[in-house]
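Worksheet: the structure to be examined is printed underneath.
The values are calculated or read from the model by the stated rules, or taken from the named source; none is laboratory data. Treat the numbers as computed from the prediction; the structure is a model and nothing was measured. Don't worry about glycine lacking a Cβ; one is built from the backbone with ideal geometry, like all the others, and counts go over all protein chains shown. To get the accessible areas, we keep the full protein, side chains included, count just its heavy atoms, and leave off ligands, DNA and RNA. Shrake-Rupley method; radii C 1.70, N 1.55, O 1.52, S 1.80 Å.
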Amino acid sequence: MRVVEFGVLGSVAAWDETGEPIALKGPRHRAVLARLLVARRRVVPVPRLVADLWAGDPPADAVGAVRTFVAGLRRALEPERPRRTPSRLLVTEGPGYALRTEPVQVDAWRFEHAVAAAADLPPARALPRLTEALELWRGPAYADVAEEAWVRAERSRLTGLRLTAVERRAEAQLALGAAADAASDLDAHVAEHPWREDGWQLLALALYRSGRQADALSVLRRARQLLREHLGVEPGPRLNRTEQDILRHAEHLDPGPSDPAAQVWAEASAAYESMVPPRARTRLESTAVLMRDLAVTGGGGLEAARRHRAAAVAAAEQLGDPELTARVIGVYDVPAVWTRCDDPDQADRLVATAERTLRLLPPGAHEAARARLLATVAVESRGTLPDGRRALQAAHQAVESARRLEDADLLVFALNGLFMQSFERTGLAARRDGIGAEITEVAARHGLFTYEVLGRLIRLQARCAAADFPAADRHAAAADALAARHELPLVAVFTAWYRALRTAATAPPQAGEAAYREAAKSLDGAGMPGLERGLLPLALLCLRLHHGLPVTADRHTDWGPYEPWVRPLLLLAEGRDRDAVRLLADVPSPPGDLLCEALWCLLARAAIQVDDRALMRRAQSALEPARGELAGAASGLLTAGPVADHLDALAAAFTAHTA
């Protein structure tokens, strides 16, 4: 499907995916397009379009004319659409029409999003975001239809938001020590908009910090005069206070100690914005690299990284260049230690795109790019059922290529994929320990600190499975030290949960419950829904099973993805045996991931209670390879006690039935 971008921050315009302008015919066509954009994806009834286009005095054939304009726009926007097939962009719905474009494809909507996002960013990150947002403006908003009544409120709102963005950018410049740049921008700003008191105050402050005290005071006097003459008002308290502060050289007017890193970031970002064209393919690769670094910051950074990475991959594929798509996908080699995706739908799309790109790359070429795509398939296919073989094959192929190329960065990424696919059966903690050891060694030797942390966490998980807590303690301490040195806040989530697991496995149940509840606080704002949902209640349920305590749960508990394997036990605890039997008859095998053994133990306990012989045999067969492990401890997060205890309970149930 053709990608069309729309512009209203200036004359109404449209561009195709290459940046070439799309001819929109006459002014009525542009007016219809503008009216639909003002509606923001909502349907505009034909009578409303008629009334707005002809200001209450429509011609006799107005409805037919509107249909003609819409048909012309459809031909311009979707020239390759087969005749008599419905439009996917300018759609007919109910009594009218709607333009179903995505927010990222309308300059005004991108502008609003960028300004809103910048409000929560520190100055060094807000400055380039605001600069890019303001550069979207090509002239007055909706310039072609500026006099139409239906657009006035939207134009006024966008114009006000633009003025606010100019002032916020100046605030960021001042915070970063760029007072002279701020003064230059603000001088033009207040000349065009003399009623903006915030603009005058910021200009005076920028001049003062530039060593121009007299000019700062002159600006404030000019502001007072213009406000009195043109608006008939006196300056507000903020302007008066600023004047008094300048006269007495108030200490708070002077900037604090500059942040060299922030200044470098701001200057580098500004240089990039000015030198690299907005539609350059380089930006897609740069975005992917930036998102890779953003992902390890946790919280909103991780969520934003996922979102923007997906957008960059989609944009790259739409350009039809498989080599570019391969680079954009493959550069996002963020270490992954949890075996459930935070966004399964996005992961499925990424895997599909990677597979398509592999088929499109020229055969016999780009081995490193192919290996990165294969590693991506392996990593993003995490947590699939044990019978999925393609991802495991992809992981092995990626590792083989990395070894052949002697590429350390590629090797640790490929080994990460192999780790994600090391769950074809239970009891494979020792194999994963070996993978973690190699990742740790290669990463330490080549200064790949994020992967050195990954290797440590994998080894922590493996040693937990074996109940080797002294070794797990050493890996946790090493991971924490690396995280502190390199500012990796997400690591503390895993080490905090490990210590809760250690307490749960070695202390009375009350201490374990308290430790789990404390660890759960680390998930607040971590940006990892695939880890967070259902984890605390699952940990507490496993704790009760471990200590032989009755199963209890609030009816409103969110069990997240673990619901199918937990619900039968809960029903049994409520005395609803028939419902439990019904669920167990169709329960799927737990997915191949870090909690596979724990979930099998839950099923085993439920099967024993209802004497489901077939399920008991399935659970026994699945758990036997993990007999020497702690159930669930391979996650490094929780445990349901020794797997051997659950196997013994199954054996006892079989014996009792035979007797």
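Structure summary
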read-out	value
Pro590 being open to solvent by less than 60 Å² (accessible area, probe 1.4 Å), farther than 12 Å from Ala640 by Cβ and in a loop (DSSP other than H, G, I, E, B)	yes
Boolean, Gly447 is open to solvent by 50 Å² or more (accessible area, probe 1.4 Å) and on the phi > 0 side of the Ramachandran plot	yes
Meets criteria (touching an Asp or Glu at 6+ places or on another chain (Cβ under 7 Å) and open to solvent by 20 Å² or more (accessible area, probe 1.4 Å)) for Thr159	no
Pair list, Cβ under 7 Å, 6 or more apart: region 479-500 residue over 17 Å from Ser635 (Cα atoms), other residue at pLDDT below 90 and of a type in the set (Gly, Ala, Ser)	Pro489/Gly298
Single residue of Ala429, Ala437, Ala443 found to be in contact with a Gly (Cβ under 8 Å, 6 or more places away or on another chain), under 18 Å from Gly636 (Cβ atoms) and among the small types (Gly, Ala, Ser)	Ala437
Residue in region 7-28 that is surrounded by 15 or more Cβ atoms within 10 Å (Cβ to Cβ) and in contact with a His (Cβ under 7 Å, 6 or more places away or on another chain) present	no
Where Asp120 falls short, out of the listed (1) farther than 30 Å from Arg2 by Cβ; (2) in contact with an Asp or Glu (Cβ under 8 Å, 6 or more places away or on another chain); (3) open to solvent by 70 Å² or more (accessible area, probe 1.4 Å)	(2)
Flag if Arg212 is buried (at least 16 other Cβ atoms within 10 Å of the Cβ), within 21 Å of Glu135 (Cβ to Cβ) and either at pLDDT below 85 or not small (Gly, Ala, Ser) (or both)	no
Residue within region 52-73 that is out of contact with any Cys (no Cβ under 9 Å at 6 or more places or on another chain), closer than 20 Å to Leu158 by Cβ and loosely packed, with under 15 Cβ neighbours inside 10 Å present	no
Filtered residue count, region 359-377, keeping only those that are modelled with pLDDT under 95 and over 16 Å from Leu324 (Cβ atoms)	3
Sole residue being open to solvent by 10 Å² or more (accessible area, probe 1.4 Å), under 30 Å from Ala496 (Cα atoms), small (Gly, Ala, Ser) and modelled with pLDDT of 95 or more, chosen from Gly628, Gly636	Gly628
Ala365 vs. criteria open to solvent by less than 50 Å² (accessible area, probe 1.4 Å) and assigned to a helix (DSSP H, G or I)	no
Per-region count, region 398-427, residues more than 14 Å from Val377 (Cβ to Cβ), part of a helix (DSSP H, G or I) and over 24 Å from the mean Cα position of the chain (by Cα)	7
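Yes or no, residue by residue, for (1) exposed (fewer than 15 other Cβ atoms within 10 Å of the Cβ); (2) in contact with a helix residue (DSSP H, G or I) (Cβ under 7 Å, 6 or more places away or on another chain); (3) modelled with pLDDT under 80; (4) under 21 Å from Thr18 (Cβ atoms):
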| residue | (1), (2), (3), (4) |
| --- | --- |
| Arg283 | no, no, yes, yes |
| Ala310 | no, yes, no, no |
| Gln318 | yes, no, no, yes |
| Asp333 | no, yes, no, no |
| Cys341 | no, yes, no, no |
